[in-house]
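Here's the structure we're looking at; comments come further down.
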Amino acid sequence: MPLTAEKVLGWRRPQGHVLQLTPDGAIAPIGYAELNPMQRERGHLWLGHVIVCPTERGRGIGTVFVRMLLEYAFDQLAAHRVSLIVYPDNKPAVACYQRVGFKPTREEYHAFGASKVEERMLRLEIRPPLPKT
Ligand SMILES: CC(C)(COP(=O)(O)OP(=O)(O)OC[C@H]1O[C@@H](n2cnc3c(N)ncnc32)[C@H](O)[C@@H]1OP(=O)(O)O)[C@@H](O)C(=O)NCCC(=O)NCCS
């Protein structure tokens, strides 16, 4: 099913931060992500829906974007921990997160949307400071 603007707008959470990457001179963003607060722990943020425009993938943009998101989380939002979940077989995503410094913490099972099928996910986590590149 194609990703629509309406669907993306529906992802926003009231306390969350929606971030977009728009290169100088570009007329539209090429990256999208959300940083949402975790309810039970102040300063613990959830990184979700990281997406790079399909025509721009595989050129290092995702890695730069995730690094910028973490700098914003740690420096501007005073986060002390950022977590996410990813499908373990999503190799570009896992490589991108690990390159920036995320470490796997555990496997989890989640059912998404109306589905009752629990899918195996990998949880990754990072705390400041960001590793040097
Ligand atoms: C995940 C995503 C944001 C990464 O962005 P990107 O711009 O493609 O990432 P990069 O170019 O920085 O590549 C990141 C790593 O993936 C590797 N990679 C890229 N394409 C790959 C592929 N098809 N298979 C395996 N590894 C791949 C790159 O070599 C790089 O690894 P390295 O740093 O060890 O060399 C992007 O692929 C995307 O939008 N995917 C669809 C949405 C999605 O799955 N989001 C993640 C949700 S958790």
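The values are calculated or read from the model by the stated rules, or taken from the named source; none is laboratory data. All of these numbers come straight from a predicted model, not from anything done at the bench. Reconstructed Cβ throughout: ideal geometry from the backbone, glycine too, with neighbour counts over all protein chains shown.
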State whether one or more residues within region 23-30 are touching a residue at least 24 places away in the same chain (Cβ under 8 Å) and outside any loop (DSSP other than H, G, I, E, B). no
Taking the criterion of being at pLDDT 95 or above, more than 23 Å from PRO29 (Cα to Cα), in a loop (DSSP other than H, G, I, E, B) and within 16 Å of the ligand (Cβ to nearest atom), would at least one residue in region 45-57 satisfy it? no
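What number of residues within region 69-97 satisfy the criterion of being within 12 Å of the ligand (Cβ to nearest atom), touching a residue at least 12 places away in the same chain (Cβ under 8 Å) and not in a loop (DSSP other than H, G, I, E, B)? Before you say what the answer is, go through the steps one by one.
The initial filter retains those residues of region 69-97 that are within 12 Å of the ligand (Cβ to nearest atom), namely 69, 83-97.
If we keep only those that are touching a residue at least 12 places away in the same chain (Cβ under 8 Å) too, we end up with 69, 83-88, 92-94, 96-97.
From what's left, not in a loop (DSSP other than H, G, I, E, B): 69, 83-86, 92-94, 96-97.
Result for region 69-97: 10.
Hey, among GLU34, GLU71, which residue is closer than 19 Å to PRO129 by Cα and of a type in the set (Asp, Glu)? Reasoning before the result, please.
Details: GLU34 fails: closer than 19 Å to PRO129 by Cα.
Being closer than 19 Å to PRO129 by Cα and of a type in the set (Asp, Glu) holds for just one of GLU34, GLU71, which is GLU71.
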ARG42 fails exactly one of (1) surrounded by 17 or more Cβ atoms within 10 Å (Cβ to Cβ); (2) assigned to a loop (DSSP other than H, G, I, E, B), namely (1)
